[in-house]
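In what follows, a structure is listed as structure tokens, so that the remarks can point back to it.
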Amino acid sequence: MRRMAFGCVLLLVALSGCTSRFIDFAPDEEAIYEQPIDEVWPMVRTYFIENGFTFREVPGAASLETEWRQEFAGSKVAAYWHRYLVSAKPEGPHRCKLVITRTSRSVNKALKAAGSDLLWGVDGRTLDNPSGMGSSMAMDAEAQQSWGDNNIVGESQQTARDMVLEWKVFRRVSPVLANNARKSSATPDVVVLKDTSIECGLPILGLGKLARPGNVVLLGELHGTQEVPHFIAQSACQAATQGIPVTVGLEVPDANQARLETFLASEGKEDDWAKLMESPFWRSPYPDGRNSEGVVYLIEALRKLRSQGLDVKIFAYDRPPLEGDAREEAMARKVMEVAGQSQKRALLVVSGNLHPRQVKGLPWNPDYRPMGHRLASLLPNVFSLDVAYNSGSAWICALNKEQTLDCGVKPAKGQDNGDRYFVQLFDGKNAQGYHGIFYVGAVSASLPAVQHGVEPAGGAQATIPSAEPSP
């Protein structure tokens with residue numbers, strides 16, 4: 001959403017009264033240059049050239065648009081593309097700012113918004129921009145086509161202003177930054193790694209308050225969506241690029257731990273995938289969403305991040321065939337064990353949204369103690385978040401009228417809070433034992449990885465055990 005060394009610096013910006021206060025991992029103020037556009041723009045162009053971008057420019061204007069750039073190249077599961085529209089705007093006779101708009105597209109439908117298959121907007125051509133470059137008209141028209149060898153079909157997209165990159169450019173090109181830097185409690189530390197070598201998606205608002213070393217964040221999900229695994233992957237990427245080691249916990253049988261670790265350390269070749277997918281977990285006769293294409297995407301994204309130098313790990317903590325309280329206890333003990341060995345890491349633990357609750361009791365069992373309730377009594381800094389989403393679909397297993405388990409794509413009713421991912425905390429815990437929510441937008445069903453046969457989890461690439469029972 002590539003760092004061999006992590007350097008921790010204070011982001012200290014004080015240019016004639018201009019300061020930047022960072023909330024979470026994203027700035028909430030614009031970067032203002034104390035120089036005119038004609039001095040700043042050449043350095044901006046150099047910045048993007050040095051970071052490997054090719055771009056087009058509007059003649060006579062301080063504006064450029066980069067070509068599409070692929071991330072996670074070679075993976076049909078986690079690969080996506082992004083580009084930037086960069087414009088310099090005057091802020092008076094001798095000051096200016098950059099406005100950078102970032103667009104991501106992917107063949108993975110996790111970001112696809114309702115109506116994205118339609119061509120919306122008005123003609124964006126103007127006298128000073130006769131091609132309409134950078135306008136919504138031009139972007140949407142281009143989305144209907146393929147881009148070179150990458151064959152981007154535009155199924156999935158996000159477009160928003162990227163103030164994080166604006167500040168990265170500012171820190172690099174501002175010629176007076178070093179002379180004016182000062183330590184201040186108003187400018188907390190931000191780790192500076194390679195500026196644009198890893199693309200982690202739009203900053204997840206509110207994430208940085210919780211994804212901190214020593215914190216255990218329990219994320220209660222709706223199984224069987226594309227969006228939740230995508231949210232976890234972007235969260236891990238954004239925390240790790242801030243220099244925070246991240247460990248992701250999956251509600252997967254812990255017998256798969258060695259396979260997961262081996263795969264994360266591999267090159268992701270066909271043989272590596274075959275060894276991972278040989279586990280009977282991926283071939284359950286009742287796939288409940290935990291073995292979906294989306295989970296495959298998450299595992300592959302973590303492998304890619306690790307292969308590029310980011311400190312990310314993964315662990316499995318489910319304990320079949322245990323059920324009820326015994327299962328909650330076993331899962332809590334496993335998470336506690338990992339947390340005890342990871343005090344300088346951020347733990348992101350995803351599970352069905354019953355398990356993270358930090359209150360005792362359920363409507364049908366007042367003595368029931370979920371995993372979150374147990375962990376909160378054993379560890380400090382345990383935070384529970386419930387999933388929030390806009391209406392869509394999910395792969396769900398539920399009892400039908402015949403009282404048999406029916407698994408398939410089912411409607412999922414939610415509430416529209418926009419398209420952008422965010423974390424929102426309550427004032428303390430609510431009645432269900434959650435500290436807040438994480439929002440993933442409109443949800444779309446993620447089918448079983450092996451049943452659907454997606455690359456690289458296709459049945460042709462793995463051996464199906466004939467006698468080993470499914471957990």
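No lab work stands behind these numbers, since they all come straight from the coordinates. All figures in this text were calculated on a predicted structure; none of them were measured in a lab. Quick reminder, even Gly has a Cβ in these numbers, built from the backbone with ideal geometry, and neighbours come from all protein chains shown.
Once you order the gyration tensor axes a ≥ b ≥ c over the Cα atoms, which shape class does the range 341-419 get: rounded for a/c under 1.5, otherwise prolate or oblate by comparing a/b with b/c? Oblate, because a/c is 1.5 or more while a/b does not exceed b/c. Sorted on the mean count of surrounding Cβ atoms within 10 Å across their residues, most packed first, peptides 94-100, 163-169 read 163-169, 94-100. Pairs spanning more than 32 Å between alpha-carbon atoms, out of Lys275/Lys401; Lys360/Lys410; Lys304/Lys334: Lys275/Lys401. Out of the range 307-381, which chymotrypsin sites (Phe, Trp or Tyr not before Pro) are coil in DSSP terms and have no more than 16 other C-beta atoms within 10 Å? Passing sites in the range 307-381 are Trp364.
With K and R counted +1 and D and E -1, the other residues having a Cβ less than 12 Å from that of Val246 yield a net charge of +4.
Compute the relative contact order of the range 224-331 as a whole-number percentage, counting only Cα pairs closer than 8 Å that sit 6 or more residues apart in sequence. Mind dumping the intermediate values first?
Working: 125 pairs, mean separation 48.6, N = 108.
Relative contact order here is 45 percent.
When +1 charges are put on Lys and Arg Cβ atoms and -1 charges on Asp and Glu Cβ atoms, the dipole computed for the range 299-423 relative to its Cα centre reaches about 420 debye.
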